[in-house]
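Quick notes on the structure that follows.
Any read-out appearing in this document is the output of simple, stated calculations on the displayed coordinates, not a laboratory observation. These numbers come from a predicted model, not from an experiment.
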Amino acid sequence: MSEPRVDTVLKIGGSVITDKNGELAAKTNEIDRIAEEIQKTKAQGLVIVHGGGSFGHPYAQRYGLKEGFKQESQKVGFSETHHVMTVLNGLMMDALVWHGVQAISIAPSSCLITENGRIKDFVDAPLKRYLNMGFMPVLYGDAVLDTKLGFTILSGDQLISYLASKLHAERIVVGVDVDGVYDSDPKTDGNSRLLKNLTLQDLKKLRTKLGKPTLSDVTGGMLGKITELVPAVEQGIHVTVVNATKPNYVYRALKGDPVEGTTIRKE
Ligand code: ADP
């Protein structure tokens, strides 16, 4: 099978498509708007990954899934967490399909296994074949099996970096609910500054400087994202972080048009 050409791996943050202060609180208008923006780009070679927000995270946290299998009572929590992610994914798919996008949902829990939380085996043949046929695969952060832990939580952020490297993508676009990467959390620090251009070296420095992720997010806020992005940036993949809650920012980022946000390059 020939290698598919992948231009962009797009991450849509859970903070964009759900209300993180609620539980199972989908922002359906936002989901619809983003689906429409994706459709408008007529993008080829695009892979989408979305986060869990108020669907996956509260369940994963309640059952302590990230730390792995410790007791039988967690198993129903594993089922619930995966299930609510399929519900959120269904809303995303609904919007994409009804906007006429040839999107196809791929469940990480069915095609990959981690080892101590890191992706180890990924059955990529269907994904690649879908891409070769011009489909747009849609994946998400999920509850997955783990060779050492029994099971764990896979973040959408680990997935984007992994997929972009594996598929030799040109770039990663990360859509979040803030204007880009700041020198501190803009939601808690009124003096934080937006960092418009970062190199790999800047990114590594920032990783050590940034604070702890919020409690409700089991996979790690901006610090988690930066940590995951480092290996992709090392491989020369360009990253753009934009505010996906602002209309047409995702559209412009996908088109490669100038848009406010953070650009991360190796040098
Ligand atoms: P998502 O669910 O969209 O993937 P997260 O909530 O995991 O996003 O991460 C984005 C959040 O990270 C922002 O809403 C912001 O409050 C927080 N954050 C913490 N530190 C920073 C930083 N230095 N720059 C930007 N955002 C930050």
Note down the relative contact order for the stretch 59-107 as a percent, whole number, built from C-alpha pairs under 8 angstrom at least six residues apart. 27
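With each run of n ≥ 4 DSSP H residues scored as -39500 (n - 2.57), what mean residue ellipticity at 222 nm is computed for the chain after dividing by its residue count and rounding to the nearest 500 deg cm²/dmol?
Details: 10 runs with 107 residues, N = 267.
Counting only the DSSP helices, I get -12000 deg cm²/dmol.
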Distance between the stretch 1-56 and the stretch 109-175 - C-alpha centres, whole angstrom: 15
Could you run the Karplus curve 6.51 cos²θ - 1.76 cosθ + 1.60 with θ = phi - 60° over the stretch 171-178 and give me ³J(HN,Hα) per residue in whole Hz, x for Gly and Pro? 7, 10, 10, 10, x, 10, 9, 10
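Any idea what % of Cα-Cα pairs in the stretch 1-145 are farther than 25 Å?
Values: 3119 of 10440 pairs.
Taking all Cα-Cα pairs of the stretch 1-145, the fraction more than 25 Å apart is 30 percent.
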By the gyration tensor of its Cα atoms, with a ≥ b ≥ c the square roots of the eigenvalues, what is the shape of the stretch 1-84: rounded for a/c under 1.5, prolate for a/b over b/c, or oblate? oblate
May I ask you to work out the translational diffusion coefficient for the stretch 148-196 at 20 °C, viscosity 1.002 mPa s, via Stokes-Einstein with Rh from the Kirkwood sum over Cα pairs, reported in whole µm²/s? 159
Percent of C-alpha pairs per 5 Å bin, the chain, short to long: 1, 6, 14, 18, 20, 18, 13, 7, 2, 0, 0
Compute from the Cα atoms of the stretch 136-267 the Rg and the Dmax, the latter being the longest Cα-Cα distance, and quote both in angstrom. 14.8, 44
Length-normalised contact order of the chain in % [C-alpha pairs under 8 Å, at least 6 apart]: 23
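Rounded, prolate or oblate: which one fits the stretch 77-122, using the alpha carbon gyration tensor with axes a ≥ b ≥ c (rounded when a/c is under 1.5, else prolate when a/b beats b/c, else oblate)? Numbers along the way, then the final one.
Values: a/c = 4.07, a/b = 1.73, b/c = 2.35.
Cα axes put the stretch 77-122 in the oblate bin.
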Cα gyration tensor shape for the stretch 63-219, rounded if a/c is under 1.5, else prolate or oblate: oblate
